[in-house]
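What follows is a short report on a single structure.
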Amino acid sequence: MNSIITAQDLCLWYGQSQALKNINIQIPERSITALIGPSGCGKSTFLKTLNRMNDLINGVRITGTVEYNGTDIFSQDVNQLRKEVGMVFQKPNPFPMSIYDNVAYGPRTHGIRNKAQLDEIVERSLRDAAIWDEVKDRLKKNALGLSGGQQQRLCIARALAVQPKVLLMDEPTSALDPISTLKIEELATNLKETYTIVIVTHNMQQALRISDRTAFFLLGELVEYGDTEQIFSQPADKRTEDYVTGRFG
Amino acid sequence: MISRSRKLFLWTVRCLMGLAVAVTGGITLFIVFYVLAQGLPNITWELLSTSPSYLSDRIGILPDILNTVYIIIATLVIVLPLGVGAAVYLTEYATNRRIVSVIEYAAEALSGIPSIIYGLVGMLMFSNNIGTSLMAGALTLVIMNLPTIMRNTQESLKTVPQSYREGAFGLGAGKWRVIRTVVLPNCVDGIVTGCILSVGRILGESAALLFTAGFAHMANGFFEGLGSAGATLTVALYIYAKEQGEFEVAFAIASILMILAMLINLSATLVTKKFQRRKK
Ligand SMILES: Nc1ncnc2c1ncn2[C@@H]1O[C@H](COP(=O)(O)OP(=O)(O)O)[C@@H](O)[C@H]1O
Ligand SMILES: [Mg+2]
């Protein structure tokens, strides 16, 4: 499989403290990669580096390279990068506007004004995010009226609407109930036909259920990276073994 | 058991507090009713709809009403973009925290300056250049109200959740688009509150306008009015009471101003409540 994202010797500092240490990773296209590891080990930081959401934080310094589709992400237009590498956040964050306007926000941002075209994109995105049937009669209603699980699927739809190639998800189910969680997992599994998904999760079962590859982070280092089955059944590193068997973290 | 002297003490404290409430409430109510009783009977359609005329010995406050409306519109039209723009810049763009806090501090200090000083400065800066006029008055009011609009907008900007901004940036929106479509619509409440407070302040302003906008009672169109000297209702109240001894007219204007002030307070409260409910 082709790798769509490649990081080499990636280091990141918040001010004086180093949060990522020499990360080397190749993320294959049309697959699900899970990032696991104890709290504070740099999973979110790494994820946010991939679409440069770290740019919004003062005092961040980065060395090393990250390539998306063979081009350096730091030398390309950041808005174009984020259009291709979308993000779903830990806490559902729909905008306080209608369901329709939420999904249409991205396409409008990138210049689509045609009503029929927007209608089509909104419907397709909501269908792809498996929430169309629940909201099709209330597209003009405020998105904040949806349940947490629906809001998160709406946020996925919103991200899909700009037709990204990669979807970054930072613990997208940690604020959700088990049924909503299951729906999102199912959704992720279907989406990997078309998209590349990188998902941070605290939930080992979740990583095992949905991911093809797993990366184990510890104290800012990428300890081990490989096929999910191998990481969970015969990890090469003792620390990985301790973590996935629940001996710490 | 509470001792007898302690009981007496508590009773006295309660009485004193009750008295304080009664005095405060009583004085307020007295002023309201006194002004309304003196003023309301003198509000006639003729008073509201005509200009004063020495020939027919008639007093009308239509010009003063128009002047008030004109000066409010002119002030808001200028102060809104300035104040909101400054707030957006300071909160969303400025990176030097020290400069930001100096400006915030200056704005805070500016709002504590007695308005007569603004009048003096406004006279030198504006009236002496473009002539004593409603426009000179409006420009002076702009300086006076800039901190109000700026601070209210800033406070409101700070309450917009960071997650909205992240969501929009994450979709590839540029900074200005994020501000225009996600941030600003969520701080309309602060902007509206700032405007309402400013209108209240403009309605009540006399000192600064005596210096800059003059005393004329001529009914003009909007642009002509801005270019000419003119009294607002509050200034007219002063002139009629102090210079001409027309207390009936003065009280009529006072009643109108008081009712407007109450409506403004009420609408400020309602706006705050309405938006609070929406934000939850
Ligand atoms: N905005 C920030 N400023 C300073 N330090 C941060 C910031 N965000 C995260 N960190 C630090 O970086 C480290 C990694 O954090 P994070 O990437 O959020 O970990 P994880 O997502 O694995 O829990 C932690 O030590 C955290 O305290
Ligand atoms: Mg995290």
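The values are calculated or read from the model by the stated rules, or taken from the named source; none is laboratory data. As the structure is a prediction and not an experimental result, all values here were calculated from the model. Backbone-built Cβ (ideal geometry, glycine too); neighbour counts: all protein chains shown. In case anyone asks, the SASA skips ligands and DNA or RNA and just uses the protein heavy atoms, side chains included. Shrake-Rupley method; radii C 1.70, N 1.55, O 1.52, S 1.80 Å.
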What whole number of Å gives the distance from the Cα centroid of the stretch A:56-110 to the Cα centroid of the stretch B:54-83? 49 Å
Solvent-accessible area of A:Ile62, probe 1.4 Å, all protein chains present, reported in Å² to the nearest ten, please. 50 Å²
Starting from the Cα of A:Asp177, step 7 Å toward the Cβ, then list every residue of the stretch A:116-144 with an amide N under 18 Å from that point. A:131, A:134-135, A:144
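Please average, across the residues of B:160-168, the number of beta carbons from any other chain that are within 10 Å of each residue's own beta carbon, and give a whole number. Numbers along the way, then the final one.
Working: counts 1, 3, 2, 7, 4, 2, 6, 13, 7.
Mean partner shielding for this stretch: 5.
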Can you compute the helix-only [θ] at 222 nm over chain B? Use -39500 (n - 2.57) per DSSP H run of at least 4 residues, normalise by all residues, nearest 500 deg cm²/dmol. -23000 deg cm²/dmol
Name the lysines eligible as straight-distance cross-link partners of A:Lys83: C-alpha to C-alpha under 17 Å, and not fewer than 8 places from it in the same chain. A:Lys48, A:Lys165, B:Lys175
Averaged over residues of B:171-183, the number of beta carbons from other chains lying within 10 Å of each residue's Cβ is 5
Which whole-number percent gives the relative contact order of the stretch B:45-279, counting Cα pairs below 8 Å spaced six or more residues apart? 26 percent
Accessible area (Å², per residue) of chain A, counting only protein heavy atoms and a probe of 1.4 Å: 44 Å²
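Would you rank A:Leu35, B:Leu8 by solvent-accessible area, highest first, keeping every protein chain in place and using a 1.4 Å probe? Spell out each step's value before the answer.
On the way: A:Leu35 0, B:Leu8 110 Å².
Greatest to least solvent exposure: B:Leu8, A:Leu35.
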Would you calculate a helix-derived [θ] at 222 nm for chain A, using -39,500 (n - 2.57) for each DSSP H run of n ≥ 4 and dividing by the full residue count, to the nearest 500? -10500 deg cm²/dmol
Determine which lysines satisfy two conditions relative to A:Lys43: a Cα distance under 20 Å, and not lying fewer than 8 residues away in the same chain. A:Lys21, A:Lys91, A:Lys238
Using only Cα atoms, tell me the angle between helix A:148-160 and the longest principal axis of chain A; keep it within 0 to 90° and round to the nearest 10. 90 degrees
Share of Cα-Cα pairs in chain A lying beyond 29 Å, as whole percent: 29 percent
Let's test this: bin the Cα-Cα distances of the stretch A:1-138 at 5 Å from zero up to the farthest pair and state each bin's percent. 2, 8, 15, 19, 17, 14, 12, 8, 4, 1, 0
What's the carbon and sulfur percent of the stretch B:211-280's accessible surface, probe 1.4 angstrom, rounded to a whole number? 65 percent
Please compute how much accessible surface disappears when A pairs with B, both sides summed, using a 1.4 Å probe, and round it to the nearest 100 Å². 1500 Å²
With the crude spin-label approximation of a point 7 Å out along Cα→Cβ, what separation in nm comes out for A:Tyr14 versus A:Arg247? 2.9 nm
Helix A:115-128: angle to the longest alpha-carbon principal axis of chain A, degrees 0 to 90, nearest 10? 50 degrees
Computed over the Cα atoms of the protein assembly as shown, what is the convex hull's projected area averaged over all directions, in nm²? 38.0 nm²
